[in-house]
Amino acid sequence: MDSIIVRGGGPLSGRVPIAGAKNACLALMPATLLTDEPLTLTNVPRLSDIATMTRLLQSLGAEVSELQEGRVLVLSGLGADNPRADYEIVRRMRASNLVLGPLLARHGRAEVSLPGGCAIGARPMDIHVAGLQALGAEIELRDGYLHARAPKGLRGAQLTLRFASVGATENILMAAVLARGTTVISNAAREPEIVDLARCLRSMGARIEGEGSGTITIDGVERLHGATHPVVSDRIELGTYMLAPAIAGGAVEFPGGRVDLLRAFCEKLDEAGVSISETGAGLRVARGDGPVRAVDVRTGVYPGFPTDLQAQMMALLCTARGTSVLEETVFENRFMHAPELMRMGADIEVRGGTATVRGVSRLKGAPVMATDLRASVSLILAALAAEGETRVSRVYHLDRGYEQVVRKFRAIGADIERVPG
């Protein structure tokens, strides 16, 4: 099993290009099931999760072709006549459940295994199920599979999500575009990935209004057509690499970076004393001499502080001046990186959904183990500021969400290498 070795050093400098958003692409790909015509996605990230979604769609009968070394995907749902998403594929990735809505909308039936993914909480499917049932679907759980039918087709409805779930909003949105009548989703998720999906569906002929707000209105249409759509930039990758100069010092530029994708996160970096400036090409992030200031962070649904940047932010605050409090409100069990940071000398106390971080003057390199995708990169970030060598094991998690992570860190001066296990 591969490991990543990081030797803490001096300040960083250079440029980091940001890939297309994994979470956006994983929602866009199942949209091909809604039409017989080709859907072409550009700015596609080259990640293992994208490969997993490709295998899933192919198992359903869809065709997926890669162009430009995987940067462009051409998808066709013309032959997608298998409604069963098998456990052996679905268990590898939570986003596999996003085929449920499109299969129901197009074929009137679906059998989708309960999904897997990182061990950061239960993340139940009840909001997805309730929303699709409101559209007229009949759904029951048998033998670990959601068996869904819409024998009379889906029909528009007004529904309110119990929680502003991104996945549930995406599933219901894709189902509703082919439903009869009008659907109104209240308390909808507002993330940029939702906006990107709505724009893609609209380019395919869907009638959607209100994406990016808490209320999305969809007027169902009889059919969708093909389209070409660029995947939005990955705001979580952007935020992760923005923390590198904040932790290690120096200044790094991010072509294509946008503050509006990460406003709550940028506000916290500014509060901590990290400089963020907009350039003609994107963003520039810099930290001067000395530690950053402690700040309190509370994760929340968009436009709040992203839960997917909580672990990375904790790494920064380990050497901040003062005491920080991080409150995780989105997922349970998402402080599993804390004990690993403590192996590097961090002073962290976790109680339930709250972590208290008392800044220390210096972290020290140590052997640590990644527990999930975002925890993996948080340990690399911490190692950039640590004294000596850090070996991060179980880094296969990284391949799910970060493209060429070693190369990108090296490009800004980090002493980092990946070694086979």
Members of the stretch 128-177 that are within 16 Å of residue 98 (Cβ to Cβ) and aromatic (Phe, Trp, Tyr): 145
- line: Scanning the stretch 4-57 residue by residue, those of a type in the set (Gly, Ala, Ser) and surrounded by fewer than 18 Cβ atoms within 10 Å (Cβ to Cβ) turn out to be 9, 10, 13, 14, 48, 51
query: Which of (1) at pLDDT below 95; (2) touching an Asp or Glu at 6+ places or on another chain (Cβ under 9 Å); (3) not aromatic (Phe, Trp, Tyr) is the odd one out, the single condition residue 368 does not satisfy?
result: (1)
statement: Within the stretch 33-51, residues more than 20 Å from the chain's Cα centre (by Cα), over 12 Å from residue 231 (Cβ atoms) and among the polar types (S, T, N, Q) come out as 35
- request: Mind listing whichever residues of the stretch 105-120 are of a type outside the set (D, E, K, R), out of contact with any helix residue (DSSP H, G or I) (no Cβ under 6 Å at 6 or more places or on another chain) and at pLDDT 95 or above?
  value: 108
query: Quick check, is residue 256 over 21 Å from the mean Cα position of the chain (by Cα), outside the structural domain of residue 154 (by TED's automatic domain parsing) and of a type outside the set (A, V, I, L, M, F, W, C)?
result: no
- prompt: Is there a residue being farther than 25 Å from residue 73 by Cβ, in contact with a helix residue (DSSP H, G or I) (Cβ under 9 Å, 6 or more places away or on another chain) and among the small types (Gly, Ala, Ser) anywhere in the stretch 259-270?
  reply: no
- request: Return yes when residue 305 is in contact with a strand residue (DSSP E or B) (Cβ under 6 Å, 6 or more places away or on another chain), under 24 Å from residue 234 (Cβ atoms), of a type outside the set (Gly, Ala, Ser) and in contact (Cβ under 8 Å) with a residue 40 or more places away in the chain and no when it is not.
  value: yes
- prompt: Looking only at residues in the stretch 160-183 that are surrounded by fewer than 22 Cβ atoms within 10 Å (Cβ to Cβ) and more than 25 Å from the chain's Cα centre (by Cα), which one is nearest to residue 84 (Cα to Cα)?
  reply: 180
- prompt: For the stretch 148-264, which helices (runs of 4 or more DSSP H) that fit wholly inside it have 1 or more residues that are out of contact with any Lys or Arg (no Cβ under 9 Å at 6 or more places or on another chain) and more than 30 Å from residue 293 (Cβ to Cβ)?
  reply: 166-176, 192-203
- request: Could you tell me whether any residue of the stretch 309-324 is in contact with a Ser or Thr (Cβ under 6 Å, 6 or more places away or on another chain) and surrounded by fewer than 16 Cβ atoms within 10 Å (Cβ to Cβ)?
  value: no
- prompt: Of the residues 196, 219, which single one is acidic (Asp, Glu), under 23 Å from residue 95 (Cα atoms), touching a residue at least 12 places away in the same chain (Cβ under 8 Å) and in the same structural domain as residue 160 (by TED's automatic domain parsing)?
  reply: 196
- prompt: Taking the stretch 265-284, which residues are in contact with a Lys or Arg (Cβ under 6 Å, 6 or more places away or on another chain) and small (Gly, Ala, Ser)?
  reply: 272, 273, 277
- prompt: Are there any helices (runs of 4 or more DSSP H) wholly within the stretch 321-421 with 2 or more residues that are free of Cβ contacts under 8 Å to residues at least 40 places away in the same chain and out of contact with any Phe, Trp or Tyr (no Cβ under 6 Å at 6 or more places or on another chain), and if so which?
  reply: 338-343, 405-411
message: Quick test of your reading of the structure: residue 102 fulfils all but one of (1) modelled with pLDDT under 95; (2) surrounded by 24 or more Cβ atoms within 10 Å (Cβ to Cβ); (3) out of contact with any strand residue (DSSP E or B) (no Cβ under 7 Å at 6 or more places or on another chain). Name the failing condition by number.
response: (1)
message: Going residue by residue through the stretch 58-79, is there one that turns out to be out of contact with any strand residue (DSSP E or B) (no Cβ under 7 Å at 6 or more places or on another chain), at pLDDT 95 or above, under 15 Å from residue 99 (Cβ atoms) and surrounded by fewer than 20 Cβ atoms within 10 Å (Cβ to Cβ)?
response: yes
task: Output the residues belonging to the stretch 369-391 that are over 20 Å from residue 328 (Cβ atoms) and surrounded by 24 or more Cβ atoms within 10 Å (Cβ to Cβ).
output: 380, 383, 384, 386, 390
field: Filter result (at pLDDT 95 or above and in a helix (DSSP H, G or I)) within the stretch 308-320
entry: 309, 310, 311, 312, 313, 314, 315, 316, 317
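The values are calculated or read from the model by the stated rules, or taken from the named source; none is laboratory data. Quantities reported herein were computed from a predicted structural model and do not represent experimental measurements. Every residue, glycine among them, receives a Cβ derived from its backbone with ideal geometry; neighbour counts consider all protein chains shown.
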